[in-house]
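Participant: Please see the structure below; I have some questions.
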Amino acid sequence: MERLKRQIHSLGLAGVYLYGISLIISKGGVNIGLALMTLSAICFVKDLKIKEIEIEYKIFLIILLFIPIFDLLSPGGLYSARVTIKQLYRFLPMFIAPIFLKTTKELKRFMYMISISVLINCLNGINFYRKNNYNFTLRYESFTTIMDSAHALVGLSFIILSLIIIEVKNRKNNRLIYLIPTYLLNLFCIILGQTRGAWLALIAGFLIYLSISLTKKQLLMSSIMVLILIGFSFNVIKDNPYVKRFQSITDVKNLSPKTRLFMWEASLDIYRNNTVFGVGKDNGPKYYLDYFEKNDLYSKFDEWDRPMVKVIATAGNAHNMYFENLVNMGVLFFALLGFWIFILYKSFIQTRKFSKKGELYWISLAATSMILVYYVTGLTEGAWGEFIKRHIYLIGVILYISCKKNGVFNEKI
């Protein structure tokens, strides 16, 4: 019996590793990995004790239970409820993967699998530039869509950074030969993505990573050096197209920021008229279209930009996961927002409990940074409902929970 359990655990662990290595290169691989995890986890259901379920899981399960109920009572009705129920399986990795990541060694292997996924994605992206005569004015493209790649690479960069620090401490120089070039290539591809929201998320992630890991003196010196470097760089390369693109994030006359502002304005108006239950999952587009037409917002754009604006309104893409969920879920969104804040707080506190001399500290720090990066990403993207971006968040929670449960949290560190 014990041998069978070990075999089932190995199968589930293989599913977790496949999930990690497929993360940003193959949706099919992600789903197959999830299937293997799920099938293996079923065999451990009988050993599940409700009292031992993490408080994070209990809170999130309650929210998941109420979402289709709110959908049913919203204008979206049965249609929205069905869409939500069909998509609930997407959160399974968060619940299942930690079952099989019982040791620090398994956690590190999982992180290495993810780093391989990053490397393959980046190499495929560089191949895109090779085919286009290395025209770096083009936006980065790889297996996923342009925006998804950039935001995904930002979140996953902190996994690779933590692996580098762990292996430096372990004096595993042979592994650094792989990790350091992968990390630098990752950062290079993030820049080539020309995704301003991803750049903001990267800065925010670095800030929390450094603020937690450095002493006050180290943080002060690093901050001064970074400010000097940024000031010098902007002065020298102020005409660089990448710098200009980053600066355009505050230009409300620019099509992208201008459209976002109107979509956010529309979101607040839609919420005011559907305060309690929202409009329901995937039921927002008609409300956005109605708002734009009623307020004649298309006339505020140049004639050649209007078709694109209408496409965005038709898709109901608010380019902000907070406004998007507020419109869809009504007051229930505030429970979800509370859960997001709670997870970040708990991950931060857990990281501070670990010793910097141990590996779990750096794994937990990577998780905290990834979770924060996702929240910053959500300021400019509908990250909660998008395949790749949502899985980046799930990876952060998986690492956090895995450091807490199944004996890992109590390891000698």
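The values are calculated or read from the model by the stated rules, or taken from the named source; none is laboratory data. On a predicted model such as this, the values are computed, not experimentally measured, just so you know. Virtual Cβ from ideal backbone geometry, glycine too; neighbours counted across all protein chains shown. The accessibility values were calculated without ligands, DNA or RNA, using every heavy atom of the protein model including side chains. Shrake-Rupley method; radii C 1.70, N 1.55, O 1.52, S 1.80 Å.
Participant: What pairs come out if I take residues in the stretch 1-25 that are within 18 Å of residue 402 (Cβ to Cβ) and pair them with residues that are assigned to a loop (DSSP other than H, G, I, E, B) whose C-beta lies under 8 Å away, six or more apart or interchain?
Facilitator: 13/101; 16/101
Participant: Among the helices (runs of 4 or more DSSP H) contained in the stretch 319-413, which hold 3 or more residues that are among the aromatic types (Phe, Trp, Tyr)?
Facilitator: 332-353, 359-377, 387-404
Participant: Further question on the same structure: State whether the residues of the stretch 273-296 include one that is in a helix (DSSP H, G or I), modelled with pLDDT under 70 and either over 30 Å from residue 206 (Cβ atoms) or open to solvent by 60 Å² or more (accessible area, probe 1.4 Å) (or both).
Facilitator: No, every residue in the stretch 273-296 fails to be in a helix (DSSP H, G or I), modelled with pLDDT under 70 and either over 30 Å from residue 206 (Cβ atoms) or open to solvent by 60 Å² or more (accessible area, probe 1.4 Å) (or both).
Participant: So residue 83 ticks every box in (1) farther than 25 Å from residue 8 by Cβ; (2) open to solvent by 50 Å² or more (accessible area, probe 1.4 Å) but one. Which box is left unticked?
Facilitator: Here residue 83 clears every test but (2).
Participant: Among (1) of a type outside the set (Ser, Thr, Tyr); (2) open to solvent by 20 Å² or more (accessible area, probe 1.4 Å); (3) within 20 Å of residue 74 (Cα to Cα), where does residue 321 come up short?
Facilitator: Residue 321 satisfies every listed condition except (2).
Participant: Filter the stretch 255-272 down to the residues that are under 12 Å from residue 297 (Cβ atoms), surrounded by 20 or more Cβ atoms within 10 Å (Cβ to Cβ) and free of Cβ contacts under 8 Å to residues at least 60 places away in the same chain and list them by number.
Facilitator: Of everything in the stretch 255-272, those that are under 12 Å from residue 297 (Cβ atoms), surrounded by 20 or more Cβ atoms within 10 Å (Cβ to Cβ) and free of Cβ contacts under 8 Å to residues at least 60 places away in the same chain turn out to be 262, 266.
Participant: Look through 190, 203 and report the one residue that is modelled with pLDDT of 70 or more, under 26 Å from residue 344 (Cα atoms) and either out of contact with any Ser or Thr (no Cβ under 9 Å at 6 or more places or on another chain) or of a type in the set (D, E, K, R) (or both).
Facilitator: Exactly one of 190, 203 is modelled with pLDDT of 70 or more, under 26 Å from residue 344 (Cα atoms) and either out of contact with any Ser or Thr (no Cβ under 9 Å at 6 or more places or on another chain) or of a type in the set (D, E, K, R) (or both), namely 203.
Participant: Then there is this: Filter the stretch 123-181 for residues that are touching a helix residue (DSSP H, G or I) at 6+ places or on another chain (Cβ under 6 Å) and farther than 27 Å from residue 377 by Cβ; which is most open to solvent (accessible area, probe 1.4 Å)?
Facilitator: 175
Participant: Looking at the stretch 297-312, is at least one residue open to solvent by less than 10 Å² (accessible area, probe 1.4 Å), closer than 28 Å to residue 27 by Cα and assigned to a helix (DSSP H, G or I)?
Facilitator: Looking through the stretch 297-312, none of the residues is open to solvent by less than 10 Å² (accessible area, probe 1.4 Å), closer than 28 Å to residue 27 by Cα and assigned to a helix (DSSP H, G or I).
Participant: For the stretch 130-162, which residues satisfy the criterion of being modelled with pLDDT of 80 or more, assigned to a loop (DSSP other than H, G, I, E, B) and among the charged types (D, E, K, R)?
Facilitator: Answer for the stretch 130-162, where residues must be modelled with pLDDT of 80 or more, assigned to a loop (DSSP other than H, G, I, E, B) and among the charged types (D, E, K, R): just 139.
Participant: Follow-up. Need pairs with beta-carbon distance below 6 Å; first residue farther than 15 Å from residue 342 by Cβ and open to solvent by less than 10 Å² (accessible area, probe 1.4 Å) and within the stretch 53-71, second hydroxyl-bearing (Ser, Thr, Tyr) and part of a helix (DSSP H, G or I); sequence gap 6+ or separate chains.
Facilitator: 71/80; 71/84
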